[in-house]
Amino acid sequence: MPKQRGLWPFVFYIIVLLASVAALWGTLRLGGGLAESSTPQLAATSGARAFDDFTASVQHHLQSTIGLLLIQILVILMAARMMGWIFRKLRQPAVIGEIVAGILLGPSLFGRLAPEAFTTIFPSESLPNVQLLSNFGLILFMFVVGMELRLSDIRRQLKGSLIISHSGIFLPFVLSLPLSYTIYTEYAASYTGFVPFALFIGIAMSITAFPVLARIIQENNLLRTHLGKLSLSTAAAGDITAWLMLAAIIAISGSGSLLSTGYNLLFLIVYLLLMFGLIRPLFRAAGKVYNNTEVISHGMVGVIFILLLLSSIITELLSMHALFGAFMLGLVMPEDLSFRKIITDKVEDVALLLFLPLFFVSSGLQTELGLIDSPEMWILLGLFTLVAVVGKVGGTYIAARACGESPKNSIYLGAFMNTRGLMELVVLGIGYEMRILPPAIYAVLVLMTVITTVMTMPMVHFINWVNKILERRHDRIEQLDKASGLKVLLSFGRPSSGVTLLRLTDQLLRRGEVHPHVTALHITTDQDINSIDADKYFADSFGPILAEAEQLAQPIETSYQISDKVESTILTKLVQERYNLLIVGAGVRFSSEADDQEAVSMREEMRRRVGAFSVHTTEALLSIHGMLRDKMQFFIDRAPCSVGILVSRCFETPREIVLYLARQEDLRMLPYARTMAQNNGTQLQLVVSEQLQHEGLTLHEGERIVSQQLQTLPEGCELAIISGELWQDTFERNKALLASLPSTLILNIK
């Protein structure tokens, strides 16, 4: 295309602009003479009158359906995020804080403290809109929950999972029946029949919140352990069973006769046969097709959403609630991690961050804690909580012991299965919507849900404390046995970095056919990920390093953790498992990647413009401050073992290795450098300080001194090995050295 020159484009723009203004002026002049219609005309008014008109317009839009709904969503999201943050600081799942936020925004607190503001923001006529959006969000959420439950995981431990989960369901269910019978006449007789009431109370006491439990398992780093896998498969089997029971209970409660209930259950069986006999095989084939792709077409996503709505409609028509249909479609999704991760990424954030808080507040608006206003009601709350905890924990513990699990794992399982959380609120919401649960009983059960879910983490911490006391001596002996060989913790972020660090570890520590004991650690910093994401991140992160370990014949253990405090997590692992050496990368600051270098340079530019405090604050808000922070000095100062930090410049197999020796203590690095030179079949070159040169230094065959200037880089150097102290004193402060730096291993030997 020829390059435009001169003023012609600017002149053309001015002509078009003037013509448009002239056309607008002429049209307004001609229209001014027409007869006035009912349409309001623009007129000149005084400043005060104009401002009154402006405020009236703002008030009108605030009171409109969309304006009020947007304000409600804004208030709900802000309260949910704040309470979620507070509860996370209290080492509780964020979802509990969001549930509490919903209760606090309801009549129990907000309605009492500021009744006028409450009725302004949540007028009764606007609540159906919030409930409608929350119900749609629940459909999306239950679809995601179904995808998180993978039948293959249950199948691997089918016998134990079914026995333990069903015992944890049936025992609290049975224990709740006498309690339901006792309170029915006084509290529920005017609302519904005894059978639906007792069945709903029973299922409410029996359910476990799989999504909340999965995040608790992740936060306790149990995801890849026997206990973690058994807990998740047990909760998954329990959730499937509980939802099938709930579907049957809803069918019984919503039907007018026994024969009608039979028809509902018959068509439920037909529906399930279609889902597992037709839809699931089709999706399995689709999952194989999309297994190696990074995206899923809009057409495929559209088909999934159509089937989601269709499945929800069918179960709603069968008197089994739309949520059951959404749950079942998620359950039959392809089990390929790539497929499920792409779909959950498209759905989960919207469902969790936008719609679910609406559901919490919708539940909170229906929960009037003021109804628990007598000693009898508080006693009733205590009885419900006691039956729920004893039935769930006790039933799970007894069944786990019968299946051969240790007392330790059995009590852990009982504590984990006691988590009710969001799934309990969904069940209670259905019962309240169907007018089976009276408001007072609904409030009691909501509070019981919060109490039993909040109990989970303190119970786990208490069990941990007891086990540490009982097993302290055994652990000490076991650690001493493990310490007989060289133990290396290799911590990496990017998969390519893990391969590089493992290659370095092999060259640095392998002696002939004798390999060190290497544990590869990867930490995901987002604690809100689901089990599908965690499995996908594990496969993506450890796949390359496991392949490299096989090629190097290097035995390796994997450790995957989820934590937003990377440095302290690594430090805790070093202390607890007594490693001899920590190998890490230097991080973003000294990365050779173009994007990393650009991020660091932009950070320095912002620091010069606005100051360090403002930069750190902005980075904290964007959740990138921890990535840009220099972790090198932290590990050198606090690690209880030796530390190796690699500044990689496309590190492969160095042909020229240079060791810097500045002090007497640096001689401790010499065996490592010699081993590396021997493994690479290369000559070791030494840059020695004058002090060490005068003291005399014994050289092995093939070693030579190339310089006595510690500020120099010998030509052809592909790997420099230096001490942490020399790095801080010389290299880190010398921009010229940093610019020309080859791959560098910073060793701090203890």
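The values are calculated or read from the model by the stated rules, or taken from the named source; none is laboratory data. It should be emphasised that the depicted structure is a prediction, and the values quoted were computed from it without experimental measurement. FYI the Cβ positions are ideal-geometry reconstructions off the backbone, even for glycines, and counts take in every protein chain you see.
State whether one or more residues within region 566-576 are modelled with pLDDT of 75 or more, touching a Pro at 6+ places or on another chain (Cβ under 7 Å) and either surrounded by fewer than 16 Cβ atoms within 10 Å (Cβ to Cβ) or among the small types (Gly, Ala, Ser) (or both). Yes, some residue in region 566-576 is modelled with pLDDT of 75 or more, touching a Pro at 6+ places or on another chain (Cβ under 7 Å) and either surrounded by fewer than 16 Cβ atoms within 10 Å (Cβ to Cβ) or among the small types (Gly, Ala, Ser) (or both).
When the residues of region 211-261 are filtered to those that are at pLDDT below 75 and of a type in the set (Lys, Arg), which remaining residue is farthest from the chain's Cα centre (by Cα)? Across region 211-261, the extreme among qualifying residues is Arg224. Listed here are the helices (runs of 4 or more DSSP H) enclosed by region 114-210 that have at least 1 residues being surrounded by 14 or more Cβ atoms within 10 Å (Cβ to Cβ), acidic (Asp, Glu) and modelled with pLDDT under 85: 127-148, 151-156.
Summed over region 98-113, the residues that are surrounded by fewer than 23 Cβ atoms within 10 Å (Cβ to Cβ) and either in a helix (DSSP H, G or I) or among the basic types (Lys, Arg) (or both) give a count of 6.
Here Met147 meets each of (1) within 20 Å of Leu445 (Cα to Cα); (2) touching a residue at least 12 places away in the same chain (Cβ under 8 Å) with one exception, condition (1). Going through (1) in a helix (DSSP H, G or I); (2) under 30 Å from the mean Cα position of the chain (by Cα); (3) in the same structural domain as Leu230 (by TED's automatic domain parsing) one by one, Leu380 falls short only on (2). Taking the conditions (1) under 20 Å from the mean Cα position of the chain (by Cα); (2) closer than 29 Å to Ile441 by Cα; (3) not basic (Lys, Arg) in turn, Ser363 satisfies each one other than (1). The single condition among (1) without any contact (Cβ under 8 Å) to a residue 40 or more places away in the chain; (2) surrounded by 14 or more Cβ atoms within 10 Å (Cβ to Cβ) that Thr698 does not satisfy is (2). All conditions in (1) modelled with pLDDT under 85; (2) surrounded by 15 or more Cβ atoms within 10 Å (Cβ to Cβ) hold for Gln72, with the sole exception of (1). The residue pairs whose first member lies in region 565-588 and is assigned by TED's automatic domain parsing to the domain that holds Gly498, whose second member is polar (S, T, N, Q) and in a helix (DSSP H, G or I), and whose beta carbons are closer than 8 Å, counting only pairs six or more residues apart or on different chains, are Glu577/Gln479; Arg578/Gln479; Ile583/Thr505; Gly585/Ser497; Gly585/Thr500. Looking across region 213-241 at every residue that is in contact (Cβ under 8 Å) with a residue 12 or more places away in the chain and β-branched (Val, Ile, Thr), the one that is farthest from Lys565 (Cα to Cα) is identified as Thr241.
Of the set (1) more than 30 Å from Val144 (Cβ to Cβ); (2) free of Cβ contacts under 8 Å to residues at least 60 places away in the same chain; (3) buried (at least 16 other Cβ atoms within 10 Å of the Cβ), all apply to Glu376 but (3). Whether a residue is within 25 Å of Ser740 (Cα to Cα) and either loosely packed, with under 13 Cβ neighbours inside 10 Å or in contact with a strand residue (DSSP E or B) (Cβ under 9 Å, 6 or more places away or on another chain) (or both) was assessed, and Ala639 does not pass this test. For region 344-373, the set of residues classified as among the β-branched types (Val, Ile, Thr) and crowded, with 21+ Cβ neighbours inside 10 Å consists of Thr344, Val361, Thr367, listed by residue number. Considering Val289, Val303, the condition of being modelled with pLDDT under 75 and β-branched (Val, Ile, Thr) is satisfied by Val289 alone. Scanning region 657-695 for residues that are of a type in the set (S, T, N, Q) and assigned to a helix (DSSP H, G or I) gives Gln664, Thr675, Gln678, Asn679, Asn680, Gln691, Gln693.
Selection over region 696-733 of residues that are within 19 Å of Leu508 (Cα to Cα) and either in a strand (DSSP E or B) or under 45 Å from the mean Cα position of the chain (by Cα) (or both) gives a count of 9.
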